[in-house]
Amino acid sequence: MADIRGQDSDILPKIHKEIDKVVSSSQFILGENVEKFEKAFARYIGTKYAVGVNSGTDALTLSLQALGIGPGSEVLVTPFTMFASVECVVRVGATPVFVDINPDTFNIDPLLIPGKITDKTKAIIPVHLFGQCADMRNIMEIARRNDLKVVEDACQAHGAENYGHKAGSMGDTGCFSFFPTKNLGAYGDGGMITTNNPDSYELLKMLRVHGAQEKYNHKYVGMNSRLDAIQAAILMVKLKYLDKWNDKRRSNALLYDELLTGIATTPHAEGYNKHVYHQYTILIENRDTVMEYLKGKGVSTAVYYPKPLHQQEWCKKSNYAKSSMLVSELYSERVLSLPIHPSVTEEQIKYICGEIKDVLCRV
Ligand SMILES: *Cc1c(COP(=O)(O)O)cnc(C)c1O
């Protein structure tokens with residue numbers, strides 16, 4: 001499903017050189033390399049500021065804390081996402097309120113948002129799932145009318161665009177993960193928060209270092225969540241290739257679209273979006289049989305996500321499990337993600353689609 005060695009093979013000498021430089025400098029946490037990468041990343045996304053943190057999960061959690069979301073607040077989020085999109089809400093003591101996804105885009109359905117807003121609603125977390133932006137125009141309009149904060153979960157959407165605006169540049173903050181298999185991945189954990197708000201920027205820089213304004217002078221209770229200099233140096237090299245890699249993902253997706261027409265429900269990209277295909281996810285009946293068959297033919301596939309979050313063990317005691325999230329529930333049984341990373345070849349895609357066609361004739 002991912003081929004990091006294949007993708008990075010041409011630039012490995014550059015990366016090794018940058019790692020060596022960091023090792024000689026002995027500046028391992030934050031410092032010059034992190035500041036350089038923060039500036040470059042903010043410029044790429046189109047925001048004034050960026051704050052390097054330890055992971056996408058921390059980016060989400062720190063964003064909520066910086067925006068004053070805590071006990072008593074309700075936060076709207078879909079149940080069809082990675083657990084971290086909801087975990088961050090619980091971490092800051094707020095309450096997640098689930099909104100089902102739009103059946104075409106896998107993203108939060110803006111039409112369902114107004115019905116979930118109460119006096120306690122303080123924020124929306126639109127997740128740009130699989131590399132396609134949520135419907136940000138409508139979401140920002142709803143947020144404006146109801147005085148809600150918007151924290152973009154852009155952990156799967158580095159370089160994705162909505163009406164020409166990059167994911168992570170539209171909400172109050174944008175949250176990114178540099179987990180190795182993301183479209184822009186480090187060689188370990190890493191994350192980033194983007195924002196245009198100078199107050200949020202200053203606050204986030206304190207929160208990631210134990211809430212300290214300067215060393216041993218703690219203004220807030222924060223956490224230890226900093227981007228490593230080695231990861232920043234690696235990411236600085238890789239950022240230059242992100243657009244090229246995303247273009248390759250997009251041309252891979254076009255080929256899949258073409259070869260799977262009439263065979264499976266292929267992902268839908270809204271015309272106003274630039275989709276960067278973190279995942280290429282089809283909908284298919286008898287999914288588990290198909291998956292097993294493909295595995296026997298040497299094709300690895302994956303299911304994102306097999307169990308919607310309102311049905312997870314952690315919320316058993318609450319009433320979440322009873323809420324009906326029909327699209328999320330149905331899709332968790334039907335989604336199948338196919339290899340889409342930049343080093344998948346045309347030959348491989350043809351082979352994979354041929355095998356899918358074969359197995360669907362049998363089941
Ligand atoms: C990967 C991911 C995260 C969490 O990022 P980490 O860096 O692994 O903490 C959050 N949300 C979504 C949608 C993700 O895909």
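The values are calculated or read from the model by the stated rules, or taken from the named source; none is laboratory data. Since the model is a prediction, treat every value here as computed from it, not as a measurement. Positions of Cβ are generated from backbone atoms using ideal geometry, with glycine treated the same way; all protein chains shown enter the neighbour counts. With ligands, DNA and RNA removed, areas are computed over all heavy atoms of the protein, side chains included. Shrake-Rupley method; radii C 1.70, N 1.55, O 1.52, S 1.80 Å.
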Please arrange ARG208, ARG43 by accessible surface area, largest first, computed with a 1.4 Å probe and ligands excluded.
ARG43, ARG208
Kirkwood-Stokes translational diffusion coefficient of the stretch 238-363, alpha-carbon pairs, 25 °C, 0.890 mPa s, µm²/s:
153
Largest first, what is the accessible-area ranking of TYR216, TYR280 with a 1.4 Å probe?
TYR216, TYR280
Rg in Å to one decimal, and Dmax rounded to a whole Å, for the stretch 219-299 via C-alpha atoms:
19.0, 59
For the chain, set up a GNM with springs between Cα atoms under 10 Å and report which of PRO198, PRO339, PRO96 has the largest fluctuation.
PRO198
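What's the extension gain from THR181 to LEU111 if we count 0.36 nm per residue and subtract their Cα-Cα distance?
22.0 nm
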Rounded to the nearest 10 Å², what accessible area does TRP314 show when all protein chains are kept and the probe is 1.4 Å?
90
Would you calculate the separation in nanometres between label points at ARG5 and VAL23, each defined as 7 Å from the Cα along the Cα-to-beta-carbon direction?
2.0
To the nearest 20 debye, the stretch 149-273 has a Cα-centred charge dipole, built from +1 on Lys and Arg Cβ and -1 on Asp and Glu Cβ, of 420
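Full extension from GLN348 to ASP288: what is 0.36 nm times the residue separation minus their Cα-Cα distance, to one decimal in nm?
19.5 nm
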Given the chain, what whole percent of its Cα pairs are spread farther than 32 Å?
32
Given LYS120/LYS205; LYS39/LYS215; LYS182/LYS297; LYS182/LYS248; LYS39/LYS238; LYS21/LYS215, which pairs have Cα atoms separated by over 18 Å?
LYS120/LYS205; LYS39/LYS215; LYS182/LYS297; LYS21/LYS215
Net charge of Cβ neighbours under 12 Å - reference SER169; Lys, Arg +1; Asp, Glu -1:
0
Rh (Kirkwood, all Cα-Cα pairs) for the stretch 76-180, Å, reads 13.6
Dipole of the chain, positive end: most advanced residue of ALA264, MET223, SER251 [Cβ charges, Cα centre]
MET223
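Report, to the nearest whole %, how much of the accessible area of the stretch 163-242 belongs to carbon and sulfur atoms, 1.4 Å probe, protein only. The partial results should precede the final answer.
Details: 1650 of 3330 Å².
Accessible surface attributable to carbon and sulfur in the stretch 163-242 totals 49 percent.
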Hey, what's the chain come to in accessible area per residue, 1.4 Å probe, Å²?
45
Hey, what do the phi angles of the stretch 291-297 turn into as Karplus ³J(HN,Hα) couplings, whole Hz, using 6.51/-1.76/1.60 and θ = phi - 60°, x for Gly and Pro?
4, 4, 4, 4, 4, x, 9
Among GLY56, GLY159, GLY188, which one shows the highest mean-square fluctuation when the chain is modelled as a Gaussian network with alpha-carbon springs under 10 Å?
GLY188
